[in-house]
1. Could you list all residues from the range B:8-64 that are of a type in the set (Ser, Thr, Tyr) and free of Cβ contacts under 8 Å to residues at least 60 places away in the same chain?
2. When the range A:1-50 is examined, which residues are found to be part of a helix (DSSP H, G or I) and facing another protein chain (nearest Cβ under 7 Å)?
3. Taking the residues in the range B:12-50 that are farther than 22 Å from A:Glu17 by Cα and either at pLDDT below 95 or among the small types (Gly, Ala, Ser) (or both) as candidates, determine which candidate is surrounded by the most Cβ atoms within 10 Å (Cβ to Cβ).
4. Among the residues of the range B:70-96, write down those that are in contact (Cβ under 8 Å) with a residue 12 or more places away in the chain, assigned to a strand (DSSP E or B), closer than 20 Å to A:Met7 by Cβ and not small (Gly, Ala, Ser).
5. Can you tell me which residue in the range B:96-147 is surrounded by the fewest Cβ atoms within 10 Å (Cβ to Cβ), limited to those that are aromatic (Phe, Trp, Tyr) and facing chain A (nearest Cβ under 7 Å)?
6. Go through (1) in contact with a Ser or Thr (Cβ under 7 Å, 6 or more places away or on another chain); (2) part of a loop (DSSP other than H, G, I, E, B) for B:Leu140 and report which single condition fails.
7. Give the number of residues within the range B:51-61 that are over 23 Å from A:Asp6 (Cα atoms) and in contact with a helix residue (DSSP H, G or I) (Cβ under 9 Å, 6 or more places away or on another chain).
Amino acid sequence: MAMESDMVQAEMVEASEFRELSNQYHIMGVPDTVINHGKGKMVGAAPEGQLLAEIMKALKN
Amino acid sequence: MANLLDDKIRQQIGEAFKELREPVQILFFGSKEQCEYCDDTLMLVEEVASLSEKLSVQAFDVDDDAEIAANYNVTLTPGLVIAGMDDDGPVDYGVRYAGIPSGHEFSSLIQDLILVSGRDSGLSPQTRDFLAGLKEPVMLQVFVTPT
């Protein structure tokens, strides 16, 4: 998605190296996708359609 | 330099890298401050990049090159930006790694290199439509662990 839009940045975060950040977003299991710094969240695998729906939801928050 | 990857893995990556099309540059951001995995990460990406002439690595320091790090929105180290490379330099597609891409994430790194090299996201038309009309920034952070 990041490739398709200049507005999107996608970052892989190694949770055990950055515990403070993981705690901040209450990461309990992985993978866990945090959208716009906590506006949205998707635990587990993120199939394209579902992730898209979560992003749309997060943008409305 | 000792290899982090054994011959079998190097061979598999070499095979996968046949799919590489356009040049890709890995921007590495390290830190002289406490950074347990910086050295290993740089060694790893340099070794990966050595397996294809389409790949290159440029290493930065978040303090010495603070302006560049800020431009790429990199604060965590080790940090990687997987950028396209054209005649004018790196092209940012917003693809980042924070922390060492080891274990399962190592294959994600190889896939991302191929994806950025192909300059094609492979997404569905609906997703592309939505993204094309996107007016607000979207930050996706995928938390993972190496195992």
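1. B:Ser31, B:Ser50, B:Ser52, B:Ser56
2. Scanning the range A:1-50 gives A:Ser22, A:Asn36, A:His37, A:Glu48.
3. Filtering the range B:12-50 for residues that are farther than 22 Å from A:Glu17 by Cα and either at pLDDT below 95 or among the small types (Gly, Ala, Ser) (or both), the one surrounded by the most Cβ atoms within 10 Å (Cβ to Cβ) comes out as B:Ala49.
4. Selection gives B:Val81, B:Ile82, B:Pro90, B:Val95, B:Arg96.
5. Here the residue is B:Phe130.
6. Failed condition: (2).
7. Summing the residues that are over 23 Å from A:Asp6 (Cα atoms) and in contact with a helix residue (DSSP H, G or I) (Cβ under 9 Å, 6 or more places away or on another chain) in the range B:51-61 gives 5.
The values are calculated or read from the model by the stated rules, or taken from the named source; none is laboratory data. Given the structure is predicted, the values throughout are model-derived calculations rather than measurements. Note that each Cβ is placed from the backbone with ideal geometry, even for glycine, and that neighbours are counted across all protein chains shown.
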